[in-house]
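The values are calculated or read from the model by the stated rules, or taken from the named source; none is laboratory data. Since the structure is predicted, the reported quantities are computational estimates derived from the model, not experimental observations. Here the Cβ positions follow ideal geometry from the backbone for every residue, glycine too, while neighbour counts run over all protein chains shown. We work out accessible area using only protein heavy atoms, side chains counted, and drop any ligands, DNA or RNA first. Shrake-Rupley method; radii C 1.70, N 1.55, O 1.52, S 1.80 Å.
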Amino acid sequence: MQIYQIFNRLNNRKFAKLLSQTVALGLGAIVLLFSTNANAAEQVILKYGDFQGQISVQELSQFTETGKTTPTLQAYLEAAKQDPEIARKALKAPIKADPAFLNNLLSSWAGPILVTQIGEVVHPPVGQLDQQALRSALSASIQQNGEVTLLGAIQNYPNTSVELEGDRLISVYERLSGLAKLL
């Protein structure tokens with residue numbers, strides 16, 4: 001059953017509002033890439049189809065915050081034929097939510113669905129998605145500033161490097177944004 005169908009069947013407005021805020025928070029966490037956490041990601045492996053390149057979390061954070069690209073990031077975006085403004089928007093779009101609400105949502109039946117959706121874009125470079133690590137990154141992001149972005153999830157991911165699936169970034173962002181609007 002499609003995620004939209006599941007959420008459309010929910011009649012409880014309180015839960016729907018909580019879920020939409022959590023989805024937005026998840027997107028926000030991924031956007032807040034730069035973190036002072038010693039266990040946080042330092043390098044991002046950008047993937048666009050067969051193209052792959054590595055940049056620092058600091059470079060991605062600077063791009064997300066200011067719109068300015070480094071020569072390396074600019075070359076990667078051009079090689080991937082990616083519109084920098086659309087990528088930037090998807091990385092920094094915040095989802096605001098109460099930290100307690102997010103933790104409750106992540107612990108509910110909807111948690112694995114949300115984590116899997118975000119995990120399509122942000123995940124460890126090798127192996128399968130570590131749902132607990134991504135949940136931890138999302139929770140850390142919301143605790144820091146009350147919102148979640150894709151950059152925040154990257155910044156708080158508990159590995160030294162994280163892979164960002166650039167070709168899936170926009171579609172997952174749109175799917176989660178659409179879900180948030182439905183709720």
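Looking at (1) touching a residue at least 40 places away in the same chain (Cβ under 8 Å); (2) open to solvent by less than 30 Å² (accessible area, probe 1.4 Å); (3) touching a strand residue (DSSP E or B) at 6+ places or on another chain (Cβ under 9 Å), which is the one condition that is false for PRO94? Evaluating PRO94 over (1) touching a residue at least 40 places away in the same chain (Cβ under 8 Å); (2) open to solvent by less than 30 Å² (accessible area, probe 1.4 Å); (3) touching a strand residue (DSSP E or B) at 6+ places or on another chain (Cβ under 9 Å) leaves (2) as the failure. Within region 108-123, take every residue that is under 26 Å from ASP167 (Cβ atoms) and of a type in the set (S, T, N, Q) and give me the one that is modelled with the lowest pLDDT. Among those residues, the one meeting the criterion is GLN117. Of LEU151, LEU176, all but one fail to be in a helix (DSSP H, G or I), at pLDDT below 80 and surrounded by 18 or more Cβ atoms within 10 Å (Cβ to Cβ); the exception is LEU176.
Residues in region 97-107 that are modelled with pLDDT of 80 or more and buried (at least 22 other Cβ atoms within 10 Å of the Cβ): 0 in all.
Using the structure shown, decide if ILE118 is buried (at least 18 other Cβ atoms within 10 Å of the Cβ), without any contact (Cβ under 8 Å) to a residue 24 or more places away in the chain, in contact with a helix residue (DSSP H, G or I) (Cβ under 8 Å, 6 or more places away or on another chain) and not in a loop (DSSP other than H, G, I, E, B).
Working: buried (at least 18 other Cβ atoms within 10 Å of the Cβ): yes; without any contact (Cβ under 8 Å) to a residue 24 or more places away in the chain: no; in contact with a helix residue (DSSP H, G or I) (Cβ under 8 Å, 6 or more places away or on another chain): yes; not in a loop (DSSP other than H, G, I, E, B): yes.
So ILE118 fails the test.
Scanning region 91-107 for residues that are in a helix (DSSP H, G or I) and either in contact with a Pro (Cβ under 7 Å, 6 or more places away or on another chain) or farther than 28 Å from ASP167 by Cα (or both) yields PRO99, ALA100, PHE101, ASN103, ASN104, SER107.
Here is a yes/no grid of residues against (1) outside any loop (DSSP other than H, G, I, E, B); (2) open to solvent by 60 Å² or more (accessible area, probe 1.4 Å); (3) at pLDDT 85 or above:
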residue	(1), (2), (3)
ILE6	yes, no, no
LEU18	yes, no, no
LEU73	yes, no, yes
GLU85	yes, yes, yes
LYS89	yes, yes, yes
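Every residue, every condition in (1) open to solvent by less than 30 Å² (accessible area, probe 1.4 Å); (2) of a type in the set (D, E, K, R); (3) without any contact (Cβ under 8 Å) to a residue 40 or more places away in the chain, yes or no:
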position	(1), (2), (3)
TRP109	no, no, yes
LEU114	yes, no, no
VAL122	yes, no, no
GLN128	no, no, yes
GLN131	no, no, yes
GLN143	no, no, no
GLU163	yes, yes, no
ARG168	no, yes, no
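Considering the conditions (1) open to solvent by less than 20 Å² (accessible area, probe 1.4 Å); (2) assigned to a helix (DSSP H, G or I); (3) modelled with pLDDT of 50 or more, ALA40 is excluded by exactly one of them, (2). In this structure, PRO158 does not qualify as assigned to a loop (DSSP other than H, G, I, E, B), touching an Asp or Glu at 6+ places or on another chain (Cβ under 8 Å) and open to solvent by 10 Å² or more (accessible area, probe 1.4 Å). Residue count for region 49-67 under the criterion of being within 16 Å of the chain's Cα centre (by Cα) and in a strand (DSSP E or B): the result is 0.
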